[in-house]
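Let me begin by presenting the structure, written as structure tokens, before commenting on it.
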Amino acid sequence: MAAHGEGSLLAISDLHVGHPANRAVVEGLRPESPDDWLLVAGDVGDTVADIEWALTVLRRRFGTVVWVPGNHDLWTPPADPVRLRGVDRYRHLVELCRRLGVLTPEDPYPVWRGPGGPVRVAPLFLLYDHSWRPEGLDTPEAALAEAYRTGIVCTDEFLLHPDPYPTRSAWCAQRVAATERRLAEWDDLPTVLVNHWPLVREPTRILRYPIFAQWCGTEATADWHRRFHAAAVVYGHLHIPRTTWHDGVRFEEVSVGYPREWRPRPAPPTWRRILPAG
Ligand SMILES: [Fe+2]
Ligand SMILES: [Fe+2]
């Protein structure tokens, strides 16, 4: 057992295992202790087979694995023989996780009782709703039109189908309302909130293309880190791994990203420790 006896709460995201170099990253991931938990904050892969491969590998290594979907996990790409769309695809992935013994947003929120705990770990699936818009664009429609005009359009528009909801924003509204009710049932412990998209807008301010923020989250969660007593918030999606603080709460962007993004960095990609802090 390494430095952290009784284990650590670890997190990683944006494994994108369709890239062979990223598969090697996943194959190289190891816990430090048999008591470690791994939080996987979405964008595991683009096909069901890729997601199954990665979660199978990780589940063999880590005693507890918790997964939340990213946008790529919910795509229905032409090359995937699994043709399910939207809610049906999400449910299919949840069933896959249940077969593998991986926890999802549809399971009771588990309590981490190791170092830095106890905390209630809440895996969330919330999507986005085009509310993070540039100044002067007052509606989701205006923001989307501006994105098309400038050519910065998220691939979700073509591959992430919201069926049976009319739009991804409508699906987001349903997920936010249901999740808010669930979180409000618990106030006994601090939380670790895990979501693919950041819960607050600030981390998106450094995006190269600010117009892209409309696919990165929702204004509806702006105070959740305070309301639900977060000890830490874990997210990915931006492919900008770093720690930021908002209202005194630590936010950890835990992405691996694409090989062209991580290769120039000094150290190979791995998980980030969430608890114990510091
Ligand atoms: Fe990603
Ligand atoms: Fe993403």
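Report yes if some residue within the range 57-72 is assigned to a loop (DSSP other than H, G, I, E, B), within 14 Å of ligand 2 (Cβ to nearest atom) and in contact with a helix residue (DSSP H, G or I) (Cβ under 7 Å, 6 or more places away or on another chain); otherwise report no.
Looking through the range 57-72, at least one residue is assigned to a loop (DSSP other than H, G, I, E, B), within 14 Å of ligand 2 (Cβ to nearest atom) and in contact with a helix residue (DSSP H, G or I) (Cβ under 7 Å, 6 or more places away or on another chain).
Would you check which residues across the range 73-101 are outside any helix (DSSP H, G or I) and over 17 Å from the mean Cα position of the chain (by Cα) and list them?
Correct list: Thr76, Pro77, Pro78, Ala79, Asp80, Pro81, Val82, Arg83, Leu84, Arg85, Gly101.
Let me confirm something: among Ala24, Ala41, Ala3, Ala54, which residue is at pLDDT below 95, among the aliphatic types (A, V, I, L, M) and either under 30 Å from Gly86 (Cβ atoms) or more than 16 Å from ligand 1 (Cβ to nearest atom) (or both)?
Unique residue meeting the criteria: Ala3.
If you scan the range 154-169, which residues turn out to be outside any helix (DSSP H, G or I) and aromatic (Phe, Trp, Tyr)?
Passing the criteria: only Tyr165.
How about the range 73-98: which of its residues are within 24 Å of Glu27 (Cβ to Cβ), of a type in the set (D, E, K, R) and within 16 Å of ligand 2 (Cβ to nearest atom)?
Asp73, the sole residue that qualifies.
State the number of residues belonging to the range 226-278 that are among the aromatic types (Phe, Trp, Tyr) and more than 20 Å from Leu126 (Cα to Cα).
4
Kindly indicate the residue of the range 116-139 that is surrounded by fewer than 17 Cβ atoms within 10 Å (Cβ to Cβ) and touching a residue at least 24 places away in the same chain (Cβ under 8 Å) and also nearest to Leu93 (Cα to Cα) among those meeting that condition.
Pro118
Within the range 15-27, is there a residue that is in contact with a Gly (Cβ under 7 Å, 6 or more places away or on another chain), open to solvent by less than 10 Å² (accessible area, probe 1.4 Å) and away from ligand 2 (no atom under 16 Å from the Cβ)?
No: the range 15-27 contains no residue that is in contact with a Gly (Cβ under 7 Å, 6 or more places away or on another chain), open to solvent by less than 10 Å² (accessible area, probe 1.4 Å) and away from ligand 2 (no atom under 16 Å from the Cβ).
Out of Ile211, Ile240, I need the residue that is in contact with an Asp or Glu (Cβ under 8 Å, 6 or more places away or on another chain) and not in a loop (DSSP other than H, G, I, E, B). Which one?
The match here is Ile211.
Kindly list the number of the only condition in (1) at pLDDT 95 or above; (2) acidic (Asp, Glu); (3) under 27 Å from Tyr209 (Cβ atoms); (4) open to solvent by 10 Å² or more (accessible area, probe 1.4 Å) that fails for Asp156.
(4)
Report every pair of residues separated by at least 6 positions or lying on different chains whose Cβ atoms are under 9 Å apart, first residue within the range 264-276 and free of Cβ contacts under 8 Å to residues at least 12 places away in the same chain, second surrounded by 14 or more Cβ atoms within 10 Å (Cβ to Cβ).
Note: pairs meeting the criteria are Arg265/Pro241.
Which residues, taken from the range 57-100, are crowded, with 16+ Cβ neighbours inside 10 Å, within 16 Å of ligand 1 (Cβ to nearest atom) and over 17 Å from Gly236 (Cβ atoms)?
Correct list: empty.
Out of Trp171, Trp245, report the one residue that is away from ligand 2 (no atom under 15 Å from the Cβ), without any contact (Cβ under 8 Å) to a residue 40 or more places away in the chain and aromatic (Phe, Trp, Tyr).
Trp245
If I ask for residues that are buried (at least 19 other Cβ atoms within 10 Å of the Cβ), charged (D, E, K, R) and either under 18 Å from the mean Cα position of the chain (by Cα) or within 16 Å of ligand 2 (Cβ to nearest atom) (or both), which ones from the range 29-56 would you list?
Asp43, Asp46, Asp50
The values are calculated or read from the model by the stated rules, or taken from the named source; none is laboratory data. As the structure is a prediction and not an experimental result, all values here were calculated from the model. Methodologically, a virtual Cβ is constructed for each residue, glycine included, from the backbone with ideal geometry; neighbour enumeration extends over all protein chains shown. Note: accessible area is taken over every heavy atom of the protein model, side chains too, but ligands, DNA and RNA are not part of it. Shrake-Rupley method; radii C 1.70, N 1.55, O 1.52, S 1.80 Å.
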